[in-house]
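Participant: Sharing a structure with you now.
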Amino acid sequence: AAEVAAAVSPFGTTYVADSDRLAHPVADRYAQVIANVAAEYRADLVTAGSSTYSKDIVSRAAALLGGAMASDVVAHQWRDDQLVFERPIFADAVTATVALHGSPQIVTIRPTAYSPPENSATPGEVITVAASDQLPDGMSWENLESKESARPDVTDARVVVSGGRAFANSDDFERLVGQLADCLEGAAGSSRALVDAGITPNSLQVGQTGKVVAPDLYVAVGISGAIQHLAG
């Protein structure tokens, strides 16, 4: 945790909870720690990047805190001294402007929605907070299966090449989509149809139930353009 804290501290005061019981991202324990810190320091706003982990963890923390929550926020503004958020609904067909009534406010933000922040002139203080011995124990960590890849992740790449239902097997997908992505120094992605068929892993899925991407160039090969895919 010390290495992560050092990377974060240039943006402000950093609170670190480090414990053997937090070695794996088990949602009930992480949510309890977040709720404890937010309550102790009387946070008005709790934010996180919108990801698979945060959807599991931060929503639990929101329930523990009893505040109000908005997910997948893409912008914010002040109106009459009140913070309001913009978030897509109906598979990104409509952008809703919402105001949260309750405290604290808990928000998850699409990672591609904001520009990177600038470092503060001086690093913030790093404060160690105790991880309570009374953390929940209702979940257990089993394992994480992942596959190493020389290609960038679709959420980070400048160029993304995605393949859809037109591909009948993984060899064709790799030969056409994968190699084109390599030529463009980009990432390979896919539609949900290929994930459901077992042709591509879930980590490549772009769409409403997959990953949201914002590359400079997106090439869709054999993808019909369903609204669920366009949402990503």
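Participant: Cα axis of helix 52-65 to longest principal axis of the chain: angle in degrees, 0 to 90, nearest 10?
Facilitator: That helix lies at roughly 30 degrees to the long axis.
Participant: So if I restrict to the alpha-carbon atoms in region 13-84, what is the Rg, and what is Dmax, the biggest pairwise distance, in Å?
Facilitator: 13.4, 45
Participant: If we sort 63-73, 155-165 on the protection proxy, mean other Cβ atoms within 10 Å, highest first, what's the order? Please list the in-between numbers first.
Facilitator: Values: 63-73: 17.5, 155-165: 21.4.
Going by the mean number of other Cβ atoms within 10 Å, highest first, we get 155-165, 63-73.
Participant: Find which of 63, 150, 136 sits farthest along the positive direction of the dipole of the chain, computed with +1 on the beta-carbon of Lys and Arg, -1 on that of Asp and Glu, about the Cα centre.
Facilitator: 63
Participant: For the chain, what percent of Cα pairs sit more than 33 Å apart? All intermediate terms of the calculation are to be shown ahead of the outcome.
Facilitator: Numbers: 7713 of 26796 pairs.
Looking at the chain, the distances longer than 33 Å represent 29 percent of pairs.
Participant: How big is the antiparallel share of DSSP beta bridges in the chain, given as a percent to the nearest 5? Working shown, then result.
Facilitator: Numbers: 11 of 35 bridges.
Bridges in the chain that DSSP calls antiparallel: roughly 30 percent.
Participant: Here's something else I'd like to know. Using only Cα atoms, find the angle between the long axis of helix 27-40 and the longest principal axis of the chain, and express it within 0 to 90 degrees, rounded to the nearest 10.
Facilitator: 40
Participant: A further question on this structure: Over the chain, what is the relative contact order in percent, taking alpha-carbon pairs closer than 8 angstrom and at least six residues apart?
Facilitator: On the way: 391 pairs, mean separation 46.5, N = 232.
It comes to 20 percent, rounded to a whole number.
Participant: Also, quick follow-up: Loop only per DSSP, at most 10 neighbouring Cβ atoms within 10 Å: give me the GluC sites (Glu not before Pro) in region 19-119, ordered by residue number.
Facilitator: Working: sites: 40, 86, 118; in loops: 118.
Answer in residue order: 118.
Participant: Hey, if you put +1 on the Cβ of every Lys and Arg and -1 on every Asp and Glu Cβ in the chain, which of 16, 159, 33 ends up farthest toward the positive end of that dipole?
Facilitator: 159
Participant: With a 10 Å cut-off between alpha carbons and a GNM built on the chain, which of 166, 23, 43 moves the most?
Facilitator: Result: 23 has the largest fluctuation of those listed.
Participant: Of all beta bridges DSSP finds with both residues in region 1-108, what is the antiparallel percent, to the nearest 5? Intermediate results must be reported in sequence, preceding the final value.
Facilitator: On the way: 11 of 18 bridges.
Looking only at bridges with both residues in region 1-108, the antiparallel portion is about 60 percent.
Participant: Provide the FRET efficiency to the nearest 0.05 for the residue 182-residue 75 pair, computing r from the beta carbons and using R0 = 45 Å. Walk me through the numbers before you get to the answer.
Facilitator: On the way: r = 34 Å, r/R0 = 0.76.
About 0.85, to the nearest 0.05.
Participant: Using every alpha carbon pair in region 89-138, what percent of pairs falls into each 10 Å bin from 0 up to the bin containing the largest distance?
Facilitator: Per 10 Å bin, starting at 0, the Cα pair percentages come out as 14, 22, 36, 25, 4.
Participant: Mind checking region 1-99 for chymotrypsin sites (Phe, Trp or Tyr not before Pro) that DSSP puts in a loop (not H, G, I, E or B) and that have at most 15 other Cβ atoms within 10 Å?
Facilitator: Numbers: sites: 11, 15, 30, 41, 53, 78, 85, 90; in loops: 41, 90.
Those that pass, being in a loop and sparsely packed, are 41, 90.
Participant: Still on this structure, please answer the following. What is the distance, in nm, between label points placed 7 Å from the Cα along the Cα-to-Cβ direction at residue 47 and at residue 96?
Facilitator: Here the modelled spin labels are 2.1 nm apart.
Participant: Is region 177-216 rounded, prolate or oblate when judged by the Cα gyration tensor, a ≥ b ≥ c being the square roots of its eigenvalues, rounded requiring a/c under 1.5 and prolate requiring a/b larger than b/c? Each step should come with its number before you reach the end.
Facilitator: Numbers: a/c = 3.13, a/b = 1.35, b/c = 2.31.
Because a/c hits 1.5 or more and a/b fails to exceed b/c, region 177-216 counts as oblate.
Participant: Using a 1.4 angstrom probe, figure out how much accessible area region 1-156 has per residue, in square angstrom, rounded to the nearest whole. Don't skip to the answer; put the middle values down first.
Facilitator: Working: 10200 Å² over 156 residues.
Result: 65 Å² of accessible area for each residue.
Participant: How high is the relative contact order of region 65-122? Use alpha-carbon pairs under 8 Å, at least six apart in sequence, and give a whole percent.
Facilitator: With pairs under 8 Å counted, the relative contact order is 40 percent.
Participant: Okay, next question. Taking region 149-230, how much of its Cα-Cα pair set, in percent, is spaced more than 21 angstrom apart?
Facilitator: Considering region 149-230, 14 percent of its Cα-Cα pairs are separated by more than 21 Å.
Participant: Determine the share of region 1-158's accessible area contributed by carbon and sulfur atoms, expressed in whole percent, with a 1.4 angstrom probe. Walk me through the numbers before you get to the answer.
Facilitator: Details: 5100 of 10350 Å².
Here carbon and sulfur together make up 49 percent of the probe-accessible area.
Participant: Let me ask something additional. Among 216-223, 191-198, how do they line up from the highest to the lowest mean number of other beta-carbon atoms within 10 Å?
Facilitator: Ranked from most to least packed, the peptides come out as 191-198, 216-223.
Participant: Here's another thing I want to ask about it. Relative to the Cα centre, what is the charge dipole magnitude of region 97-232, using +1 at the beta carbon of each Lys and Arg, -1 at the beta carbon of each Asp and Glu, and rounding to the nearest 20 debye?
Facilitator: Working: 8 positive and 16 negative charges, 117 e Å.
Using only the charged Cβ atoms, the result is roughly 560 debye.
Participant: So for the pair residue 141, residue 129, with labels modelled 7 Å out along Cα→Cβ, what separation do we get in nm?
Facilitator: Each label point is offset 7 Å from its Cα along the Cβ direction, giving 2.0 nm.
Participant: At 222 nm, what value in deg cm²/dmol follows for the chain if DSSP H runs of at least 4 each add -39500 (n - 2.57) and the sum is divided by all its residues, to the nearest 500? It would help to have the intermediate numbers written out before the result.
Facilitator: Details: 7 runs with 53 residues, N = 232.
Dividing the helical sum by the residues of the chain leaves -6000 deg cm²/dmol.
Participant: Which of the GluC sites (Glu not before Pro) across region 126-201 are loop residues per DSSP, with 16 or fewer other Cβ within 10 Å?
Facilitator: Working: sites: 142, 145, 148, 174, 185; in loops: 142, 145, 148, 185.
Hits after loop and neighbour filter: 142, 145, 148, 185.
Participant: Which one of 170, 115, 103 has the biggest mean-square fluctuation once the chain is modelled by GNM with Cα springs under 10 Å?
Facilitator: 115
Participant: Between residue 18 and residue 82, what is the FRET efficiency for a Förster distance of 45 Å, r being their Cβ-Cβ separation, to the nearest 0.05? If you can, show how the numbers build up before the last one.
Facilitator: Numbers: r = 36 Å, r/R0 = 0.80.
After rounding to 0.05, the efficiency reads 0.80.
The values are calculated or read from the model by the stated rules, or taken from the named source; none is laboratory data. Computed from a predicted model, the values in this text were never measured in an experiment. Positions of Cβ are generated from backbone atoms using ideal geometry, with glycine treated the same way; all protein chains shown enter the neighbour counts. Note: accessible area is taken over every heavy atom of the protein model, side chains too, but ligands, DNA and RNA are not part of it. Shrake-Rupley method; radii C 1.70, N 1.55, O 1.52, S 1.80 Å.
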